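The values are calculated or read from the model by the stated rules, or taken from the named source; none is laboratory data. Everything numeric in this text was worked out from a predicted model, so none of it was measured. Don't worry about glycine lacking a Cβ; one is built from the backbone with ideal geometry, like all the others, and counts go over all protein chains shown.
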Amino acid sequence: MLSSGASFSLMSGSGSTVFGIFATEELAEAFTLSLPPEYLVYTEEL
């Protein structure tokens, strides 16, 4: 995630969940589109 533009990224527990904070919606969307389609993605604007 960090190499894709996230300002911060963290993995929880054994790695089944990761999250990142992106400075812009465009960076977040670009990263989301780079993931395999079967991955579940949740986004929230802060």
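The residues of region 25-40 that are in a loop (DSSP other than H, G, I, E, B) and surrounded by 10 or more Cβ atoms within 10 Å (Cβ to Cβ) amount to a single one, LEU35. In this structure, SER4 does satisfy being polar (S, T, N, Q) and surrounded by 13 or more Cβ atoms within 10 Å (Cβ to Cβ).
Evaluation of THR32 against the conditions (1) modelled with pLDDT of 95 or more; (2) of a type in the set (Val, Ile, Thr); (3) touching a helix residue (DSSP H, G or I) at 6+ places or on another chain (Cβ under 6 Å) shows that the sole unmet condition is (3).
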